[in-house]
Amino acid sequence: MEQLVSAQRRFAAGAAHELRTPLAVQRAAAEIGPAGDPSPEKVARIRARLIGVADSSEHLIGSLLLLAVGEQGLEATEPVDLAALAAAEPAACPQEGLTVVRTFAPLTVTGDRVLLGHLLGNLLTNAVRHNRAEGRIAVSTSVDGELTVSNTGPVIDPEDVQGLLEPFRRRVERQHTAGEDAGLGLSIAASIARTHEAELTAAANPGPGGGLTVRVRSPVPGVARTTRTNPL
């Protein structure tokens, strides 16, 4: 119980910190605007800044709501072709300069198609955002119930990996840039996985390629789970 309360307090503090920053930027921009007689160029810059901060805040609020939904359980389920869903997702995720390797074996799970789409989208967005120039992404599904998304990128200390699955945790501290990652992507994916009685795990890839390998193991009747090596 004490650990749960502590985790809830950390989450509340993180959410408050993330929401406080865009509000401060909006206030500063609003106060600068009326000062003197700003030029049209300055007004345009302030307007663009406010729109960027509003977009960032909207994304954060949407992510918080999605995280809450993922923890509430499933109201309705259906068979979802996870292999087909995974095959379609990379096309919607910008990957300029990256090599994407796709290996899809048949995999159908029971769950919420929309939430599983968010899970895949978050994993792929994370793989793109934290990659490197001319890097690689490997996406695969297996008949024994495993979805894997692996990417090259900075070398991560294995001891830091578990923390990346917690809300508002990033490998690099926030620089307060509008539109940046709020540190919720992997925690949302983990929450959706738990809701589907699946297990999400992450492991650091060794150098020189670096990066992260995330696996989501869904229960498949009569199939034992196996341990796999990182694909990159």
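Things worth noting here:
- Within the stretch 109-131, residues that are among the basic types (Lys, Arg) reach partners that are not in a helix (DSSP H, G or I) with beta carbons closer than 8 Å, at six or more positions or on different chains, in the pairs Arg113/Glu78; Arg113/Val80; Arg129/Asp181.
- Residue check for Leu116: of a type in the set (A, V, I, L, M) and more than 15 Å from the chain's Cα centre (by Cα): no
- Among the residues listed as Thr195, Thr177, Thr213, Thr226, the single one being farther than 20 Å from Leu74 by Cα and modelled with pLDDT of 70 or more: Thr213
- Within the stretch 44-58, restricting attention to residues that are loosely packed, with under 15 Cβ neighbours inside 10 Å and at pLDDT 70 or above, the residue that is farthest from Leu184 (Cα to Cα) is Ala44.
- Scan the stretch 113-148 for residues that are within 26 Å of Ala76 (Cβ to Cβ) and in contact with a strand residue (DSSP E or B) (Cβ under 8 Å, 6 or more places away or on another chain) and the total you get is 10.
- Among the residues of the stretch 126-165, the ones that are surrounded by fewer than 19 Cβ atoms within 10 Å (Cβ to Cβ) and in a strand (DSSP E or B) come to 0 in all.
The values are calculated or read from the model by the stated rules, or taken from the named source; none is laboratory data. These numbers come from a predicted model, not from an experiment. Virtual Cβ from ideal backbone geometry, glycine too; neighbours counted across all protein chains shown.
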